[in-house]
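I have placed the structure first, in the form of structure tokens, so that the comments after it can refer back to it.
The values are calculated or read from the model by the stated rules, or taken from the named source; none is laboratory data. A quick note: this is a predicted structure, and the numbers were derived from the prediction, not measured. Quick reminder, even Gly has a Cβ in these numbers, built from the backbone with ideal geometry, and neighbours come from all protein chains shown. Ligands, DNA and RNA are stripped out before the accessible areas are found, and what is left, the full protein with its side chains, is counted by its heavy atoms. Shrake-Rupley method; radii C 1.70, N 1.55, O 1.52, S 1.80 Å.
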Amino acid sequence: MISVAGAQQNELLRALSRTDLEALFPHLELVPMAAGKHLYDFGSKFDYAYFPTNAIVSLMYVMEDGATTEIGVVGREGVLGVAMYEAERATCSAVVQTAGYAYRLKSSVLRELVASGGAMAQLLMRYTFAMFAQLAQNVVGGRHCTIEQKLCRWLLDRLDRSLSDEIKVTQDTMATMLGVRRETITMTARKLQADGLIQYRRGTVAIIDRAGLEECAGTCYRAGKIGFEQMHATAWSNA
């Protein structure tokens, strides 16, 4: 059963007027998102767009040798699998990192909404701008930020999309996402814990001092948030 309160757990759907949102109800499907599930992979066709509520999804780029690096992250603030034309194919893989739920919409329906030029089309244009800012900052951060800054930003990105101050993640996963050795993550996490910013226990990172974590991440984190802050301000003012 689709409800306004349930659908509004996703911030893009929440930005729609009640009339526009309810018009989507016949096309929306609430689906579970198990950790490790691939929503799509490089080169695959987009059959559905996903609007997460409490799930967090990593956008992964896979090299020819099998090495992977996270290039973006999507949670309740956004959408995955948007295809503007039928023949469009994925340029990365989308893998569920934190289990939860999402509202699923057929790509063909979303294309019709975009073609109509209504509220959803406007929201997706703003979201595309925000995602471009996130991806651009990932490129800059990968070249100029320290591993400590990168890990702080990575944790903050999850915290922004989580419903608690605890993040379920292993050091192996963090190493894979950031493209570094596990030992590097171990040493960096220990330093952050010694500084009183986090508490790490097997499989869980508890954020103790968010302000301190943001200060440690510096512009590596703040610059990536500007696009989403602008998107939210504009979307809510026009909702």
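Miscellaneous remarks
- Between the range 56-74 and the range 31-47, the Cα center-to-center distance that results, in Å: 13
- For the range 121-159, backbone nitrogen atoms closer than 19 Å to the point 7 Å from Thr184 Cα along Cα-to-C-beta are found at 137-157.
- Positive-end residue of Val95, Val79, Thr146, charge dipole of the range 63-192 with Cβ unit charges: Thr146
- Gaussian network model of the chain, springs between alpha carbon atoms under 10 Å - residue of Ala15, Ala55, Ala211 with greatest fluctuation: Ala211
- Residues His144, His27 ordered from highest to lowest accessible area at a 1.4 Å probe: His144, His27.
- Global geometry of the range 145-185, whether rounded, prolate or oblate, following the gyration tensor of its Cα atoms and the 1.5 cut on a/c: oblate
- Largest accessible area first, the residues Arg222, Arg202, Arg18 order themselves as Arg202, Arg18, Arg222 under a 1.4 Å probe with ligands, DNA and RNA left out.
- Label of the coordinate-derived value, Cα extents along the principal axes in Å, listed as (i) 55, 39, 37; (ii) 71, 40, 40; (iii) 52, 40, 32: (iii)
- Subset of Lys106/Lys150; Lys37/Lys150; Lys168/Lys225 violating a 30 Å alpha-carbon distance limit: Lys106/Lys150
- Using a cutoff of 8 angstrom between alpha carbon atoms and counting only pairs six or more residues apart, the relative contact order for the chain works out to 20 percent.
- Cross-link reach list, aspartates and glutamates versus Lys191, counting only Cα pairs under 12 Å and skipping chain neighbours closer than eight places: Glu148
- GNM result for the chain, Cα springs below 10 Å: residue of Met63, Met125, Met177 fluctuating most strongly: Met63
- Arg210 sits with roughly 80 Å² accessible to a 1.4 Å probe, with DNA, RNA and ligands left out of the calculation.
- If you sort the three axes of the alpha carbon gyration tensor as a ≥ b ≥ c, you get a/c of 1.5 or more for the range 161-212 and a/b no higher than b/c, which makes it oblate.
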